Structures are given as C-alpha cells and as structure tokens.
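Student: Attaching a single structure in structure tokens format; questions to follow.
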Amino acid sequence: MADSIYCKVWMDNKLFLLVVIDIEDAGRKEVLTIVYGYRESEVSWLEVLSQLTSLGISIAPELAIGDSAFVFWNAGTKR
C-alpha cells in the first residue's frame, strides 16, 4: 500500500510523508519505507521507489493500492 500523509508541522511549509507498507497474505503489515518531502509529486515518488530498490526490494507487488493521486502511478511507470 502506498500513500502520502500531510503533516502541518510548520506554519510556512507543508510536510508530506510518503509511506509504503507491505501487507502479507496472513495480514501482517510491515513499513517498507517512509520518505519525507514538501509535496506529493512524481519526483518524490520516484525517490521512494529508488529507495526501495536500493534496499534490495526488486520483486514487483502482486497488488498495489493507492488513492486517486496519479503521481504514484506515473512514477511507477517511469521506473
């Protein structure tokens, strides 16, 4: 599962946490990565996907779940 979380921690800036969670068949959840950025964009998601690759995660998911923010899907097709 991939999603972004908006955190209002500063008055001037918007902090986004880009999160990828693995959910196994048995229902066990594991956070694979959390990357922070200042907006949800293709560049930010490309960084997340690159980090996953650098961690050695090279198997494509059987199912990917995301919301209607198409920047994640666009980033995934550019990898």
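Student: Give the residues of segment 44-56 that are over 14 Å from SER4 (Cα atoms) and open to solvent by less than 50 Å² (accessible area, probe 1.4 Å), sorted by residue number.
Tutor: Residue satisfying the conditions is LEU52 alone.
Student: Kindly indicate whether any position in segment 28-43 is out of contact with any Gly (no Cβ under 6 Å at 6 or more places or on another chain), part of a loop (DSSP other than H, G, I, E, B), open to solvent by less than 60 Å² (accessible area, probe 1.4 Å) and modelled with pLDDT under 85.
Tutor: Yes: segment 28-43 contains one or more residues that are out of contact with any Gly (no Cβ under 6 Å at 6 or more places or on another chain), part of a loop (DSSP other than H, G, I, E, B), open to solvent by less than 60 Å² (accessible area, probe 1.4 Å) and modelled with pLDDT under 85.
The values are calculated or read from the model by the stated rules, or taken from the named source; none is laboratory data. Quantities reported herein were computed from a predicted structural model and do not represent experimental measurements. Please note: Cβ atoms are built from the backbone with ideal geometry, for glycine as well, and neighbour counts cover all protein chains shown. Quick note on the areas: whole protein, heavy atoms, side chains included, nothing else; ligands and nucleic acids left out. Shrake-Rupley method; radii C 1.70, N 1.55, O 1.52, S 1.80 Å.
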